[in-house]
Amino acid sequence: MLNFDLNAYVKLLKIVHNKINLCFCRMLFFSSCGNRPSLETASMTGQERKILHQWAPFSTHCPHGLHYDRDTNRLYWTDGGFDLAYYLTVSSKIVS
């Protein structure tokens, strides 16, 4: 029989709940590295797709490694084209 500590389990669930961003904010964040690199968002069903930021055509930017911090409302990413890290504040004003 396992020695099960319910209080420790509940504490762990609270920590995990605070760290999982996509499931609880009900938004997806994704990037594109094609002819026109972009950062985009959509609902969990893939609807309501919006462009957060889009670079010039044939730009050398390649955003990846996305992380959304809902406490600061910032979307962080690294850029493979420049080996740098960036962020933008996600607001109600979204470029479409």
Exercise. Can you work out which of the residues in the range 45-82 that are among the charged types (D, E, K, R) and free of Cβ contacts under 8 Å to residues at least 24 places away in the same chain is farthest from Ser32 (Cα to Cα)?
Key: Asp71
Exercise. Specify the residue that is farthest from Leu28 (Cα to Cα); the eligible residues are those in the range 62-86 that are hydrophobic (A, V, I, L, M, F, W, C) and surrounded by 12 or more Cβ atoms within 10 Å (Cβ to Cβ).
Key: Cys62
Quiz item: Going through the range 80-96 one residue at a time, which ones are over 18 Å from Thr41 (Cβ atoms) and modelled with pLDDT under 85?
Solution: Gly80, Gly81, Phe82, Asp83, Leu84
Quiz item: Among the numbered criteria (1) touching a Lys or Arg at 6+ places or on another chain (Cβ under 8 Å); (2) surrounded by 13 or more Cβ atoms within 10 Å (Cβ to Cβ); (3) at pLDDT 85 or above, which single criterion is violated by Ser59?
Solution: (3)
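Sort out which residues of the range 51-92 are in contact with a Pro (Cβ under 7 Å, 6 or more places away or on another chain) and of a type in the set (S, T, N, Q), and write them in order of number.
Scanning the range 51-92 gives a single hit, Ser59.
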Quiz item: Yes or no: Phe29 aromatic (Phe, Trp, Tyr) and either at pLDDT below 85 or surrounded by fewer than 15 Cβ atoms within 10 Å (Cβ to Cβ) (or both)?
Solution: no
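The values are calculated or read from the model by the stated rules, or taken from the named source; none is laboratory data. Small disclaimer: the values here were computed from a predicted structure and weren't measured. Here the Cβ is made from the backbone with ideal geometry for all residues, glycine too, and neighbour counts use every protein chain on show.
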